[in-house]
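For reference, the structure is listed below as structure tokens.
Taken together, the values in this text are just the output of simple stated rules run on the coordinates, not laboratory data. Note that the coordinates shown come from a computational prediction; the quantities given were computed from them, not determined experimentally. Backbone-built Cβ (ideal geometry, glycine too); neighbour counts: all protein chains shown.
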Amino acid sequence: MKCMFVTVGTTSFDDLIACVSAPDSLQKIESLGYNRLILQIGRGTVVPETFSTESFTLDVYRYKDSLKEDIRKADLVISHAGAGSCLEALEKGKPLVVVINEKLMNSHQLELAKQLHKESHLFYCTCSTLRHCTPAW
Amino acid sequence: MRRFSALMCVLILAAAAGAVAAFLILRIWVVLRSRDFMPRESLSILVVAGSGGHTTEILRLLGSLSNAYSPRHYVIADTDEMSANKINSFELDRADRDPSNMYTKYYIHRIPRSREVRQSWPSTVFTTLHSMWLSFPLIHQVKPDLVLCNGPGTCVPICVSALLLGILGIKKVIIVYVESVCRVETLSLSGKILFHLSDYFIVQWPALKEKYPKSVYLGRIV
């Protein structure tokens, strides 16, 4: 049971959530062998409908006291570029794709993502280039 | 004759203003320079928990804090319930892991936020001044031995208030600033301001240590 976990921490990152939950994205995710997609949406205003079919489940929630369980269960973590989220995922040894939110002030998040990428700990991209990040998926 | 005494008044006022200014500058210089820290058995610590990642980072930092740092006073923005929850979980965990921690006290204080995410810069000046007006009484009431912060806007008024406590001769408060692990090449705005006002300025990446040789570099500590 392959599981993908998407997290935006305490922020709002509608572009990412919308991108990942779009019908063609869901199709692609399923075709890559994932049975479960969990979306932690934080303060976002885009709230996809949860659903469950025989072959695929989509879970959506805003916050949990601790994301440790969901990170532990995941085979791939897609995260906003928050330090807390990145560190938690990397500590659990999970493959990590970081998505930069271009709408945030001076995008300092990019610095950390670039550095960790340089040290080969993760891949990073923006919402528009996420779909092309296939090697990571 | 009247013009002469008016002139004298102005001169006297100017001299008085100059003397006050000089005194303040001297006080600031003395307070910023003083590094004579007496060894103590315990230190009361005021921790500034900005929202989201800042709180997560600072709680990670406090993970291995000994009981000598107590009582712990946390300061959060008044609109930030998430941080209050994280702090309560953190303190409960601490007490669970080591029963001797059970009796160390902690408090959560709330002050207005200096700046909301994406707030315009001009309005930020007003909200920051407002925060200062409210953070000084808090600092004055708590009189911590040490203030620990890691970069959210909320920490600037708090640190300036702590500095003011020293300048007014009430208490010298040690200010420790740990720049966020997100900051690899450049300092945050709070970092740039507090670099000059803190007693210990800690960075987590070598590029920053190179740019700011006076900072302390211990590797990644969160």
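The base-10 log of I(q)/I(0) for the stretch B:78-184, evaluated at q = 0.11, 0.13 Å⁻¹, reads -0.43, -0.60 [Debye formula, identical scatterers on Cα atoms, solvent excluded]. Each DSSP beta bridge with both residues in chain A is either parallel or antiparallel, and the antiparallel ones are about 10%.
Students often check this: by mean Cβ neighbours within 10 Å, which of A:122-130, B:206-214 ranks highest, and how do the rest follow? Write out the running numbers ahead of the final one.
Working: A:122-130: 17.4, B:206-214: 13.0.
Taking the mean over residues of other Cβ atoms within 10 Å, the ranking is A:122-130, B:206-214.
Pair-distance distribution of the protein assembly as shown: all C-alpha pairs, bin width 10 Å, starting at 0; shares per bin in whole percent are 5, 21, 28, 22, 13, 6, 3, 1, 1, 0, 0.
Starting from the Cα gyration tensor of the stretch A:37-92, take the square roots of the eigenvalues, sort them a ≥ b ≥ c, and report rounded, prolate or oblate (rounded when a/c is under 1.5, otherwise prolate if a/b is larger than b/c, else oblate). Walk me through the numbers on the way to the answer.
Working: a/c = 2.23, a/b = 1.37, b/c = 1.62.
Oblate is the answer for the stretch A:37-92, as a/c is 1.5 or above yet b/c matches or exceeds a/b.
Lysine pair count for chain B (Cα-Cα distance under 14 Å; residues 8 or more apart in sequence or on different chains): 5. Under the criterion of Cα pairs below 8 Å and six or more residues apart, the relative contact order for the stretch B:24-86 equals 41 percent. How about A:LYS103: which lysines have a C-alpha closer than 19 Å to its C-alpha, ignoring those fewer than 8 places off in the same chain? A:LYS103 reaches A:LYS114.
Which GluC sites (Glu not before Pro) in the stretch B:99-191 pass both tests, a DSSP loop state and at most 16 other beta-carbon atoms within 10 Å? Mind dumping the intermediate values first?
Numbers: sites: B:GLU116, B:GLU179, B:GLU185; in loops: B:GLU116, B:GLU179, B:GLU185.
Passing sites in the stretch B:99-191 are B:GLU116, B:GLU185.
The mean count of C-beta atoms from other chains within 10 Å of the C-beta of residues in B:50-56, rounded to a whole number, is 5.
Using r as the Cβ-Cβ distance of B:ALA84 and B:MET8, and R0 as 45 Å, what FRET efficiency do you calculate, to the nearest 0.05? Intermediate values should be presented prior to the final figure.
Numbers: r = 58 Å, r/R0 = 1.29.
E(calc), rounded to 0.05, equals 0.20.
So what's the back-of-envelope 222 nm ellipticity for the protein assembly as shown, counting only DSSP H runs of four-plus at -39500 (n - 2.57) apiece and dividing by all residues, rounded to 500? Write down the numbers at each step before the final one.
Details: 13 runs with 151 residues, N = 359.
Taken over the protein assembly as shown, the calculation gives -13000 deg cm²/dmol.
Beta bridges assigned by DSSP with both partners in the protein assembly as shown are antiparallel in approximately 5 percent of cases.
Centre-to-centre, using Cα atoms only, the stretch B:28-52 and the stretch B:181-222 are separated by 17 Å.
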